Every structure is written in C-alpha cells, then in structure tokens.
Amino acid sequence: MLSQAWLARIAAAATLCSLTGLAGAATLLSENFNGTTPHANYTTGTGNPIPGSNFRVTAGTVDTVGNLNGSFFTCNAEANNNCVDLVGGGALGTIQSVPTFNLVAGNTYTLTFRSAASGAFASATLNNAATLGSQTLSFSDVQTSSTGYLWTNRQLQFVAAANETGVHITLRALNSTGGNSGSVVDDVLLTETAPLSDVPEPASWVLGAAGLLLLGARKLLS
Ligand SMILES: [Ca+2]
Ligand SMILES: [Ca+2]
C-alpha cells in the first residue's frame, strides 16, 4: 500500500505545481496620493508618514498639492487630483515608501510614476532621483511655460541580480527652480513579475507526474 508519507509527498508536489503555474505580475504598491490633504511643508516629523498615503518624508520638506480634501494649488492644472511636490518651503525633499519589499533574484521589478515641473520659472530644469533598493532612475522635468507643464511617465525596470530585503521606494529632489518649486510626482506603481521559466511546461509537468506515479508503483511492489 501507498504509505501516508508517500500520499503526502504526492499531494505536496501537486500543490507546488499548481502554485508555480500561477506565477505572474503582482502589484506590490499603488499610490495616487488622492487620500492626502493639501498641505505645505510636511517634514520628517509631521510627514512620518504623510497622512493619507503610503509614504513618509525622510529628508527636507515636501508639499501635498491638489484640490481633493481641501485645496493647495493644483497638480499641473488637473481637477480632482492630489500629488506631491518634492520641494516644500525651499528645502529639497525625499519621500520613502512606508512598506518595504523583498526583491528576489531573477524576478523583474517595474516601478512607474509620473512627474511634472511646478512653479513659475520657465525653462528651468528640475533634477530628481527615484530608487528601489540598489537601482536608481534619474529624471528631470523642464518647465515649458508659466501656466502649463507636461506630465511625463517614468519607469525604472530591472531584473534583480541578487536578493535584497527590506528595500523602499524613494523619490528625491536634487534641485529646485528657486523658492519652493520642485517636481510634482503622482501615480506610483510597483509590480513584480516572476520569470516565465518558473512556470513548468506541460511536457515536463507530465514527466514529473509520471515519475511520481512510477515511484508510487515501485513502493507498492516493494
Ligand atoms: Ca493623484
Ligand atoms: Ca513646493
């Protein structure tokens, strides 16, 4: 007879096969800042975390801007939207995700968000950096007019070369256009995708199942 131990092994193998078959893109964090209250100068004290968001201030000051839950300027003249200005009160701000992530070697990580210049300093360039663990994306926003600024979609995508534990998403202002004007950021999304090779091909799955059956039969005959 098949022993209880063998039955358990076969059941565990079947469960593992079905679990790996589900491997695919997963959302690790999604933040549109629309739950925040428009507010000037969140600091490492008052912005830890920024109320209504998944981010905290870890350096300098930032503003929550928009017309939801109050009003404090707008996010690139958009209605019904809040976002974060990475420069508040003249200080260059850094925000960091409150949740941490464990990067797995071989998995693909895609961090997307959008950014735009704020303020009234035409042709000025705002330099910033986005990081996820050991990976960094530099991005710059150029103000094209004093009344309208273009949102630009940003993406940092990489295959993790090694495991990294407890990493954050960080968005950091490197300069301002003078005064209190920085880049505004919005719609931060982080996804993780396992490699396709983790999904067993039908042929190999059948071979694996056949092997298990063969082992079971040998156990029965012994
Ligand atoms: Ca928003
Ligand atoms: Ca500002």
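The values are calculated or read from the model by the stated rules, or taken from the named source; none is laboratory data. This is a predicted model, so every value here is computed, not measured. Every residue, glycine among them, receives a Cβ derived from its backbone with ideal geometry; neighbour counts consider all protein chains shown.
Observations on the structure shown:
- Among the residues making up segment 39-54, a single one is touching a His at 6+ places or on another chain (Cβ under 9 Å) and of a type in the set (A, V, I, L, M, F, W, C): 50.
- Some residue of segment 159-171 being in a strand (DSSP E or B), modelled with pLDDT of 95 or more and of a type in the set (S, T, N, Q): yes
- Output for segment 25-43, where each listed residue is at pLDDT 95 or above, more than 15 Å from ligand 2 (Cβ to nearest atom), surrounded by fewer than 16 Cβ atoms within 10 Å (Cβ to Cβ) and among the hydrophobic types (A, V, I, L, M, F, W, C): 26
- Boolean, residue 177 is surrounded by 15 or more Cβ atoms within 10 Å (Cβ to Cβ), at pLDDT below 90 and under 17 Å from residue 93 (Cα atoms): yes
- Some residue of segment 89-106 being in the same structural domain as residue 165 (by TED's automatic domain parsing), touching a Gly at 6+ places or on another chain (Cβ under 7 Å) and at pLDDT below 95: yes
- Selected residue (criterion: nearest to ligand 1 (Cβ to nearest atom)) from residues of segment 48-90 that are of a type in the set (S, T, N, Q) and on the phi > 0 side of the Ramachandran plot: 80
- Identification of strands (runs of 3 or more DSSP E) wholly contained in segment 22-141 with 3 or more residues that are within 19 Å of residue 180 (Cα to Cα) yields 39-42, 55-59, 62-66, 82-85, 108-117, 125-132.
- Being in contact with an Asp or Glu (Cβ under 8 Å, 6 or more places away or on another chain), of a type outside the set (Ser, Thr, Tyr), modelled with pLDDT of 95 or more and away from ligand 2 (no atom under 16 Å from the Cβ) is a property that residue 188 has.
- Condition met for residue 69 (farther than 19 Å from residue 173 by Cα and either in the same structural domain as residue 175 (by TED's automatic domain parsing) or charged (D, E, K, R) (or both)): yes
- Hey, residue 130 of a type in the set (A, V, I, L, M) and in contact with a strand residue (DSSP E or B) (Cβ under 9 Å, 6 or more places away or on another chain) or not: yes
- Single match in 121, 139 (criterion: at pLDDT 95 or above and aromatic (Phe, Trp, Tyr)): 139
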